[in-house]
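S.K.: I'd like to ask some things about the structure below.
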Amino acid sequence: MISAPGAVGKTTFARDLAEILSADPVLDLFMFDDPAGLSVTAARELQVRLSLTSSSGGYKVGVVSQAHKMTDAAGNSLLKLLEEPPANSLILL
């Protein structure tokens, strides 16, 4: 979890870190940057994408911006993924 005051570049930092860790940022980096927060549909999409094999053997990285605004249903949907993430997967909130 990345925590800091607003407008200091948390999302930019998370994206840059993800690109360093993921060998193919186009195929293995999943950004969810909805100002309204993460929806249940987006949470399920993240689960599916992180369960797939990395295109180049690196990490698969999911970046969830505005995680504090996600709905309870989206949080419940992500709970299992956060407890037991797939191999070579990172989730940055």
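Since every read-out is calculated from the coordinates, none of them should be taken as a lab result. Small disclaimer: the values here were computed from a predicted structure and weren't measured. Note that we place each Cβ from the backbone using ideal geometry, even for glycine, and neighbour counts take in every protein chain shown.
S.K.: What are the ³J(HN,Hα) values, in whole Hz, obtained from phi via the Karplus relation 6.51 cos²θ - 1.76 cosθ + 1.60 with θ = phi - 60°, for each residue of the range 69-82 in sequence order, with x given for Gly and Pro?
M.R.: Per residue, the Karplus-derived 3J(HN,Hα) values read 9, 5, 6, 4, 5, 5, x, 5, 5, 7, 3, 4, 5, 5 Hz.
S.K.: How large is ³J(HN,Hα) for each residue in the range 33-41, as worked out from phi by the Karplus curve 6.51 cos²θ - 1.76 cosθ + 1.60 (θ = phi - 60°), to whole Hz, x for Gly and Pro?
M.R.: 10, 7, x, 7, x, 7, 8, 4, 4
S.K.: Another question about this same structure. Amide H of LEU92: which non-local residues (sequence gap of 5 or more, or other chain) have their own amide H closer than 5 Å, using H built in the peptide plane?
M.R.: Under 5 Å from the amide H of LEU92: GLY62, VAL63, VAL64.
S.K.: Let me ask something else. List, in order, the whole-Hz ³J(HN,Hα) value for each residue of the range 44-53 obtained from phi through the Karplus relation with A = 6.51, B = -1.76, C = 1.60 and θ = phi - 60°; use x for Gly and Pro.
M.R.: So the J values, rounded to whole Hz, are 5, 4, 4, 4, 5, 5, 6, 7, 6, 6.
S.K.: Still on this structure: When the chain is fully extended, how far beyond the present Cα-Cα distance does ARG49 get from ASP72, taking 0.36 nm per residue of separation? Walk me through the numbers on the way to the answer.
M.R.: Values: separation 23, 0.36 × 23 = 8.28 nm, distance 2.09 nm.
Stretched fully, the ARG49-ASP72 segment lengthens by 6.2 nm.
S.K.: For the pair ASP33/LEU79, report the inter-label distance in nm, with labels modelled 7 Å from Cα in the Cβ direction.
M.R.: Computed distance between label sites ASP33 and LEU79 equals 3.0 nm.
S.K.: When N is the residue count of the chain, what does its C-alpha Rg come to as a fraction of 2.2 N^0.38 Å?
M.R.: Numbers: Rg = 12.5 Å, N = 93, 2.2 N^0.38 = 12.3 Å.
The reported ratio for this selection is 1.02.
S.K.: Turning to a different aspect of this structure: Give the calculated FRET efficiency between VAL26 and MET1 to the nearest 0.05, with a Förster radius of 22 Å applied to their Cβ-Cβ distance. Walk me through the numbers before you get to the answer.
M.R.: Details: r = 25 Å, r/R0 = 1.16.
Step by step, r from the Cβ atoms, then E = 0.30.
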